[in-house]
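Asker: Pasting in a structure now, in structure tokens, and then I'll have a few things to ask.
The values are calculated or read from the model by the stated rules, or taken from the named source; none is laboratory data. What you see is a predicted model; the values in this text were computed from it and never measured. As a convention, Cβ positions derive from the backbone with ideal geometry for all residues, glycine included, and neighbour counts pool all protein chains shown. Ligands, DNA and RNA are stripped out before the accessible areas are found, and what is left, the full protein with its side chains, is counted by its heavy atoms. Shrake-Rupley method; radii C 1.70, N 1.55, O 1.52, S 1.80 Å.
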Amino acid sequence: MRRKLVAGNWKMHGALKQNSALLAQITAEASGLFCEVAVCPPYPYLAQVQSLIQGSVLTLGAQSVSEHPSGAFTGEVSASMLADFGCRYVLVGHSERRALFGETDVVVAAKFEAAQKAGLVPILCVGETLGEREAGDTGFVVARQLSAVLDRVGVAAMVSAVVAYEPVWAIGTGVTASPAQAQEVHAAIRAQVAALDLGVAAGLRILYGGSVKPRNAMELFGQLDIDGGLIGGAALVADDFLAICLAAN
Ligand code: 13P
């Protein structure tokens, strides 16, 4: 039985006052949940959020990480620094990082490895663009993105990792993959891991992300291979985020 995980990716949103109001409501109302709930604020707010969620059921994550352990990399943040501030999770390979910041499969795999070396649990994001889906390349693209990581770290590393399938065309667009479309890709991801190790595949949590809202969360999370969600816009609205957590519960 895989425990469901709902992770909020705040992207580049937030402010001190706004974060405390948002988390005051979420921590109060999430207290009885069985699913795991994580929030991934921007770097400068990690310390604030770490203190705001103390004693609550929430866990902390970051949105990206350097592939380097330390050194002359101006503007970058290492995995050990994230661990210092209580992060359990870190997103790697979010499509916005891939598309806007040039992160290749090779770089993403290096970040994944760096995260694990510091004791963090990477949430590996994969997903196809609209063009790739229309060309019938969804399976190929997602398998390639996953292979890059599996080839570098080996299947055993997936025991302490999470995968998030986020079709790029569904992110921030209000267009959600249908539960059947999402389930098909999730099953393919699990099958790819199962081909290397059945036990690891059975325990692997695969989240869906892309316009998850209170109205569609329950049906998505009800699919066999969907183990929770990676939430963008709705993670910034306490009522919506809580309703999505409840759907995963
Ligand atoms: P939205 O939920 O806003 O579509 O964002 C999804 C996402 O990118 C989460 O990482």
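Asker: Scanning for something in contact with a Cys (Cβ under 7 Å, 6 or more places away or on another chain) and surrounded by fewer than 21 Cβ atoms within 10 Å (Cβ to Cβ), does region 162-176 turn up at least one residue?
Answerer: No: region 162-176 contains no residue that is in contact with a Cys (Cβ under 7 Å, 6 or more places away or on another chain) and surrounded by fewer than 21 Cβ atoms within 10 Å (Cβ to Cβ).
Asker: Within region 200-224, track down each residue that is open to solvent by less than 30 Å² (accessible area, probe 1.4 Å), within 17 Å of the chain's Cα centre (by Cα) and within 16 Å of the ligand (Cβ to nearest atom).
Answerer: I206, L207, Y208, G209, G210, S211, V212, A217, L220, F221
Residues are listed down the side, and each one gets a yes or a no for (1) touching a His at 6+ places or on another chain (Cβ under 9 Å); (2) among the β-branched types (V, I, T); (3) free of Cβ contacts under 8 Å to residues at least 12 places away in the same chain:
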site	(1), (2), (3)
E166	yes, no, no
A194	no, no, yes
I206	yes, yes, no
G210	no, no, no
L220	no, no, no
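Asker: Please find, among D240, D197, D227, the residue that is open to solvent by 30 Å² or more (accessible area, probe 1.4 Å) and closer than 18 Å to L58 by Cα.
Answerer: Checking each option against the conditions leaves just D240.
Asker: Determine the pairs where a residue that is more than 16 Å from L230 (Cα to Cα), located within region 22-38, has a partner that is not hydrophobic (A, V, I, L, M, F, W, C) with Cβ atoms under 6 Å apart, the partner being 6 or more residues away or on another chain.
Answerer: Partner pairs satisfying both residue conditions: T27/S56; L33/N249; F34/N249.
Asker: Oh, and also: I'm trying to understand the selection: among the residues of region 146-160, which are open to solvent by less than 10 Å² (accessible area, probe 1.4 Å) and touching a strand residue (DSSP E or B) at 6+ places or on another chain (Cβ under 8 Å)?
Answerer: L146, V149
Asker: Here's something else I'd like to know. Take A164 and tell me if it is outside any helix (DSSP H, G or I), within 16 Å of the ligand (Cβ to nearest atom) and touching a Leu at 6+ places or on another chain (Cβ under 9 Å).
Answerer: Taking the combined requirement at face value, the residue satisfies it.
Asker: Given the criterion at pLDDT 95 or above and assigned to a strand (DSSP E or B), identify the matching residue among L242, L150, L230, L196.
Answerer: None of the other options fit; the residue is L230.
Asker: Oh, and also: Just wondering, is there one or more residues in region 71-88 that are in contact with a helix residue (DSSP H, G or I) (Cβ under 6 Å, 6 or more places away or on another chain) and among the β-branched types (V, I, T)?
Answerer: Yes; the residues of region 71-88 include at least one that is in contact with a helix residue (DSSP H, G or I) (Cβ under 6 Å, 6 or more places away or on another chain) and among the β-branched types (V, I, T).
Asker: List every residue pair whose Cβ atoms lie under 7 Å apart, where the two residues are 6 or more positions apart in sequence or sit on different chains, the first residue falls within region 130-143 and is within 19 Å of A109 (Cβ to Cβ) and surrounded by 15 or more Cβ atoms within 10 Å (Cβ to Cβ), and the second residue, located anywhere, is aliphatic (A, V, I, L, M) and at pLDDT 95 or above.
Answerer: Close Cβ pairs (under 7 Å, with a partner that is aliphatic (A, V, I, L, M) and at pLDDT 95 or above) amount to V142/V126; V142/V185; V142/A188; V142/I189.
Asker: Please work out which one of (1) open to solvent by less than 40 Å² (accessible area, probe 1.4 Å); (2) over 22 Å from L230 (Cβ atoms) is the condition L16 fails and give its number.
Answerer: So L16 meets the others, but not (1).
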